[in-house]
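Every number in this text was worked out from the coordinates using simple rules, so none of it is lab data. Here the structure is a predicted model, which means the values were calculated and not measured. Because the Cβ atoms are built from the backbone with ideal geometry, glycine has one as well, and the counts that use them run over all protein chains shown.
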Amino acid sequence: MSALNNPVIAVIVSVVVAVTYFTLVDHFLMDMQGLDYWYLFRK
Amino acid sequence: MGPVTRKKVFSIMALCAMISLLLLPIIVSIPSPAIGADAPAADAAKKDEAKVEKGRDVYYKTEGIVVGAPAPKTTDGPKDYPRYNFESRVLLWFANQQHLYYGSFVLAVPIFCMIIEFMGVVTKDKALAKKYDQLAYDFIKISLTAYSLTAILGGILIFTFLTLYPAFFGYLSSIFRPVMHIYALMFVAESGTLYIYYYGWDKMKEGFLKWIHLSMSVILNIIGTLLMFLANSWIGFMMSPAGVDEQGRFLGNIWHVIHTALWNPLNVHRILGNMAFGGGVVAAYAAYRFLASKTDEDRAHYDWMGYIAMALGVAFLIPLPFAGYWLMREVYAYRQQMGITLMGGLLAWLFIIQATMIGILFLSTNYYLWQAMGRMRGAEKYQRYIKYLVFILCCGYLVFITPHTMVMTPAELKAMGGQQHPVLGNYGVMSAKNGGINVIITTTVLSFVWYMRGNKVSTLSWAKFGNIFMGVFFFFAYVNIIWLAIYGYYIPANVRVGLSVPQVATTLSCLFFMFALNSVMMKGAKQMGPIEWGKISVRSQYALIMLATAFTWMMGLMGYIRSSVRLFWHVNEIMRDNSPWAYTHTVGFAANMISFNVLFFWVSILFVFWLGSLAAKKVPVSATATAPGGAPQPAGSH
Amino acid sequence: MGDLIGQALDIGWPALALLVGLLVYFQVSIKDPVAKKRATFKTFIGIIAAVMLFIAIANYKENFYGENRLLPVSLVMITSLAFMMGIYFTNLAALLKIGGFMFFVAAALSGYGNWLPQVEGGFPPKEEKLDFSSMTPQQLADEGEKIIFGGIGQNKVQGAIGKGQCPLCHAFHAGMLGERAPNLLGLPERAGKERIEDPKYHKGEPAKREYADKEACPGCGTATTAQEYIAESHSCPSCYVVSGYGVKGTNDKESPMPKIHKPPISLSLPELAAVDTWLYVREGREAPSFEEITKSYEKFIPEADRPKMTEDKPAVAGALLADGSEPVDQIFAKAQCVSCHTIPGIPGATGTIGPKLVEGTNAPTRIKDKDYKGTAKSTPEYIMESVVSPSTYVVKPFPDNTMPKVFGQKLSAGALKKIVDYLSNVYEGKEPPKIS
């Protein structure tokens, strides 16, 4: 717990969690509709 | 038999009476399908010669035996459309709207009562529990006065219908006859339970009796909700008829008539709408009492009441757009043309107004929350960031209300260089708008979080990480919403439409995760100072009134849209409107009419409130009971 | 300004007189100087507020149809007078302020609504009681033209198609294209002579016919008059096929034309009567009466098969053949693709006037053909191009200008997409895709 209270580590962990979470939301919610979230990048 | 047990027996008897009132219409209704089944049987008995005519359900596509008369073909004239020297439709509009305002208010308030009474029962803090209980009692008192007005307005509505639209009303009541009777019985049941509930309040205060009282409120709300579902059934029938054949002849299955394509979406949308509306009206009542109160104690009580009502109203406002989305999707599924008339055709400008209203509602909510931080010691640390929130909100709002295609004069077209502005036109598309509204809602969530932690400092060991995590999460939520909005410009339309789902999910993630995380972090937090109820600025109360007025207006607007989408049909595709008022009014006329209805409603209900305050003055005993005890307590997680 | 005050006084003088009367009455009746002063002052405020209110009303009335920009002035005046009253009448302060504020909000929204462009949804289209039986021949012919071409006077417009969809295959004027079906110019003349006297027609002896159908219905017999011939052709196209217009490979024994009284076209008897009346009237001939025509159809269409007249939905000019909400097989049927093309997996699509549509296999080779001048790069693009602009590339040995060039206008984008999606997945020798 103390390591997490180091601001730098806290920020890094938070960024990783948030970015991963939102990417997963984007990907899977598009996938559920039968659409491709990465459309532009695959082309 | 001791006095306590006698009380118990009485209260249980009262509860049983309520349950039987609830069951009464159901029992009465059981024979009604049987009658429906009898009629064809009787027909069959004497049929031999009389041919049994079959019809095909316009929606369910099932075959059924024709038992009703076809929808009358009306002609313009005093027989089908008797009239005064005035537009009948406007009279009906007025009567309907007033009845609906009062109706939704008296249906919503008991639900609040139930929630608040329950909160009072489960709260461990004795003083707070008492406050909740008193608040619930105040709520029901307000609704009781409005209740009789609802009934009177309902009577006026029926008379207006009977006198101005006899042919149409005759047809509807011929189909909905059993439903209307059950409806009337339900109304009786509702009145009965409401009075038992209200007058039993003081007698059933403690322990076991309180629980019985609470279950009474549950029954009261079940009856009220069923009442509304039944009323929705004929509205649904008018928009998307079912259970009749092409000529409008009833085919004997009353469930088909009730359960039309739009019935369920309407039910959900209306419950949520009623709750948000009820919250707005109660908040306005609290604001009125706050502004009128002379003592600090009164101010503290009504400040608190306004806050609770606003919070409940907004809690139901947030899911409302999603229910609206479902309703629209069902409309498109039912008749694409109807959806196009709504969103891209004749009524599209009304949706622009609606977008504006939604923006106003959220802006007022945010403004209220910022003002509310003024009553907490320690919230100053957030005050200086509010200007940035204002900026974000304004950007979101401006994008959200940018219209896409406008009707313009050639000169205007030339000046702008095309149908769309070269830069701003880009914000008119759905992709940008979804981004705009989600930014607004997320900002509202952020304001709420700040408000809830205003006077507290978390004492948890991981508090620092928690704060950083919340900040980062919100930041990336904004990034994700805006990124998806921009991304939408670069991908084809069929992929783009799907982007709204992750966008909404992002907003909802903020709502649920951040609220949950925040309340965990604030558990047992150190308080910088108590919430000083009543210390809120007067301006904030105007925000509440704004919220209430805007909500009333929006309800009138959406009701108008829903009703006018039938265009020149009484019953969509079954019964034509041949009156001289079969055309659709201009946006301006509708807006004036809605404003008139809104003001009339508020004038009348302010009058009701004023009457209520007169009564309160006469009974000093209850007035002192109303005042919250001594030092105001912090209201837990609120 | 002077005008406004004058008008305000005009409207509000009774109220103002009442207030002034009150003022005088207080002077006389109240003895206590403090109370008197207060009463006087409050009445005075009341008078000012009343004057403001009436000026606001006068301004509103005056400028309602004129200077719209001045209307908000009234709004501001009424709101501010409510607040002003609130300052001095402390008992009612909260009510007055709230009322004033609510008025401001509601009226501002109203103004917003009026500021937006105003569209009035005009009256509904007059309910057309299409009672064909009581029409004059000309009216009936007009209705017929609407059914065939979608509107009165549309018969010479290329690509005009109505509910009956006849011009998809038939031509109606000399020199207009129509290789798929006979040109109908002069039909009333021809029907009674050439056609029913044709030995292959076997007038009165249906059993001897060599066509796919012998009779329209068991016992219906054959036509004896020109009108009956037209009626029989509508209700039983394969009872007699004009040489050269049969389905390819059947040696003219079978007609590509659908039965008009059956879905998807489903014209009712009165509608068919209207169509026939137009055929006569447009050539300046005297048409048989409505009853006679209906009777001729009753001969060939048994009662159970007669579609009901669909009221309330008059065929609209420019209406789509398919809007894309239907399953793809219905789109093919509604657009009449099935009459000319064979499409694997689509019931009833056995036409041979155009090529068999196995585009998953064919399209790539067509694009590579040296004669191909189109712009398509992929199978879906090729199919879209072929539907919307058929003459861009014509498959050998089929003739050009056979397929109508109207599908770009007559099918919704959704319908076109479904067609393209389906056809691009049809491969030679493979299972056809699922109908969606």
Cα centroid separation - region B:557-581 against region B:525-552, whole Å: 41 Å
In Hz, Karplus ³J(HN,Hα) per residue of region B:134-146 (6.51, -1.76, 1.60; θ = phi - 60°; x = Gly, Pro): 5, 5, 4, 5, 4, 4, 5, 5, 4, 6, 5, 5, 6
Sorted largest first, extent of chain B alpha carbons per principal axis (Å): 88, 87, 47
Hz values of 3J(HN,Hα) by residue in region B:296-307 - Karplus curve (6.51, -1.76, 1.60), Gly and Pro given as x: 5, 4, 4, 4, 4, 5, 6, 4, 5, 4, x, 5
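Exceeding 23 Å between C-alpha atoms, which entries from my cross-link table qualify? They are B:LYS54/C:LYS214; C:LYS200/C:LYS262; C:LYS214/C:LYS299; C:LYS253/C:LYS410. Intermediate values should be presented prior to the final figure.
On the way: B:LYS54/C:LYS214 34 Å; C:LYS200/C:LYS262 26 Å; C:LYS214/C:LYS299 15 Å; C:LYS253/C:LYS410 31 Å.
Where the Cα-Cα span goes over 23 Å, the pairs concerned are B:LYS54/C:LYS214; C:LYS200/C:LYS262; C:LYS253/C:LYS410.
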Antiparallel %, DSSP beta bridges [both residues in the protein assembly as shown], to 5: 90 percent
Interchain or long-range residues, amide H under 5 Å from B:TRP569's placed H: B:ASP577
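How would B:ASP80, C:ASP276, C:ASP371 line up from fewest to most surrounding beta-carbon atoms within 10 angstrom? Walk me through the numbers before you get to the answer.
On the way: B:ASP80 17, C:ASP276 27, C:ASP371 8.
If I rank by nearby Cβ atoms, fewest first, I get C:ASP371, B:ASP80, C:ASP276.
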With Cα atoms, 0 to 90° folded angle of helix A:7-32 axis to chain A main axis: 20 degrees
Region C:183-218 and region B:112-153: distance between their alpha carbon centers, rounded to Å: 85 Å
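Contour minus end-to-end for B:VAL122 and B:PHE589, with contour as 0.36 nm per residue of separation and end-to-end as the Cα-Cα distance? Working shown, then result.
Details: separation 467, 0.36 × 467 = 168.12 nm, distance 4.98 nm.
Result: 163.1 nm gained on full extension.
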Amide H contacts of C:ALA322 (H built 1.01 Å from N, under 5 Å, at least 5 apart or other chain): C:SER412
Backbone N under 16 Å from the C:GLU326 label point (7 Å along Cα→Cβ), restricted to region C:143-173: C:161-169
Positive-end residue, region C:132-305 charge dipole about Cα centroid, Cβ charges, pick of C:ILE260, C:THR277, C:PRO137: C:ILE260
Label-point separation in nm, B:TYR199 to C:LEU70, each point 7 Å along Cα→Cβ: 6.0 nm
Spin-label pair C:LEU92/C:GLU428, simplified geometry with 7 Å Cα→Cβ offset, distance in nm: 9.1 nm
Projected area, mean over directions - region C:355-436, Cα convex hull, nm²: 5.5 nm²
Efficiency of FRET between C:SER289 and C:LYS368 - r from beta-carbon atoms, R0 51 angstrom, step 0.05: 0.30
Spin-label pair B:ASN264/B:GLN527, simplified geometry with 7 Å Cα→Cβ offset, distance in nm: 4.6 nm
Additional length obtainable on full extension of the chain from C:SER389 to C:SER133, 0.36 nm per residue less Cα span: 88.1 nm
Whole-Hz couplings from phi, Karplus 6.51/-1.76/1.60, listed for region B:478-491; x for Gly and Pro: 4, 4, 5, 4, 5, 4, 5, 4, 6, 4, x, 6, 9, 10
Mean ellipticity per residue at 222 nm, deg cm²/dmol - from DSSP H runs of n ≥ 4 across the protein assembly as shown, formula -39500 (n - 2.57): -20000 deg cm²/dmol
Nonlocal amide H pairs with B:LYS456, under 5 Å, H built at 1.01 Å: B:MET528
Kyte-Doolittle mean at least -0.5 and Cα axial length at least 30 Å: DSSP H helices in chain C: C:2-29, C:33-63, C:93-115
Cα-Cα over 24 Å, subset of B:LYS131/B:LYS203; B:LYS203/B:LYS294; B:LYS126/B:LYS210; B:LYS131/B:LYS523; C:LYS146/C:LYS417; B:LYS79/C:LYS146: B:LYS203/B:LYS294; C:LYS146/C:LYS417; B:LYS79/C:LYS146
Per the protein assembly as shown, cysteines lacking a partner by the 4.7 Å Cβ criterion: B:CYS16, B:CYS113, B:CYS394, B:CYS395, B:CYS510, C:CYS166, C:CYS169, C:CYS337, C:CYS340
Whole-percent pair-distance distribution, where bins are 10 Å wide, for the alpha carbons of chain C: 4, 16, 20, 14, 8, 6, 8, 9, 8, 5, 2, 1, 0
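Would you kindly give the portion of the calculated P(r) for the protein assembly as shown that falls above 47 Å, as a percent of all Cα pairs? Please list the in-between numbers first.
Working: 289935 of 623286 pairs.
More than 47 Å apart: 47 percent of the Cα pairs in the protein assembly as shown.
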Förster radius 35 Å - calculated FRET efficiency between B:THR459 and B:LYS294 (Cβ-Cβ, nearest 0.05): 0.30
